[in-house]
1. Hull surface divided by four, with the convex hull built on the Cα atoms of the chain: how many nm²?
2. Provide the per-residue ³J(HN,Hα) series for segment 49-64, in order, calculated from phi with Karplus coefficients 6.51, -1.76, 1.60 and θ = phi - 60°, each as a whole number of Hz, with x at glycine and proline positions.
3. Rolling a 1.4 angstrom probe over the protein heavy atoms, how many square angstrom per residue are accessible across the chain?
4. Report in % the part of the accessible area of the chain that belongs to carbon and sulfur, leaving out ligands and nucleic acids; probe 1.4 Å.
5. Rounded to the nearest 500, what is the 222 nm mean residue ellipticity of the chain from helices alone, with -39500 (n - 2.57) per DSSP H run of 4+ residues and division by all residues?
6. Say R0 is 22 Å: what FRET efficiency, to the nearest 0.05, do GLN23 and SER58 get from their beta-carbon distance?
7. To the nearest 20 debye, what is the magnitude of the charge dipole of segment 1-72 about its Cα centre, counting +1 on the Cβ of each Lys and Arg and -1 on the Cβ of each Asp and Glu?
8. Just to check I understand the Karplus step: with θ = phi - 60° and J = 6.51 cos²θ - 1.76 cosθ + 1.60, what whole-Hz values come out for segment 22-37, glycine and proline as x?
Amino acid sequence: EMYGFHLSKNSEILFRFCMLAVQSEHVDIYPTVVRFITSQGRMKYIRPLYRVMFASSSMARGIAVDTFIKNKDFYHPIASKMIAYDMTK
């Protein structure tokens, strides 16, 4: 919070910050991650975030699944298919 990375408009910075925060199981970042993956459709960003959330705690997994189900039509069909495949592993 000191540097405000969670408020960054730069997708590269926000993506990297979200990845680190989810991997360290920082639950306060989940709303920021959801905001990012529902406003950003690039598979480059959303697929790794969904993967790390799905592989994390049961809370993060539930958020990832719910968010994906609600927003799968927003994503490109190939991205949606690949994320759905990742969630079956």
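The values are calculated or read from the model by the stated rules, or taken from the named source; none is laboratory data. Everything numeric here is computed off the predicted structure, so don't read it as measured data. Note: ideal-geometry Cβ built from the backbone for every residue, glycine included; neighbour counts use all protein chains shown. Note: accessible area is taken over every heavy atom of the protein model, side chains too, but ligands, DNA and RNA are not part of it. Shrake-Rupley method; radii C 1.70, N 1.55, O 1.52, S 1.80 Å.
1. Quarter of the Cα hull surface area: 5.2 nm².
2. Ordered by residue, 3J(HN,Hα) equals 5, 4, 4, 5, 5, 5, 8, 8, 5, 5, 5, 5, 4, x, 5, 4 Hz.
3. About 63 Å² of surface per residue is accessible.
4. Summing carbon and sulfur atoms, their accessible area is 59 percent of the total for the chain.
5. Helices in the chain give a 222 nm mean residue ellipticity of -21000 deg cm²/dmol.
6. 0.90
7. Its charge dipole is roughly 420 debye.
8. 5, 4, 8, 6, 8, 5, 5, 7, 4, x, 5, 5, 4, 4, 5, 6
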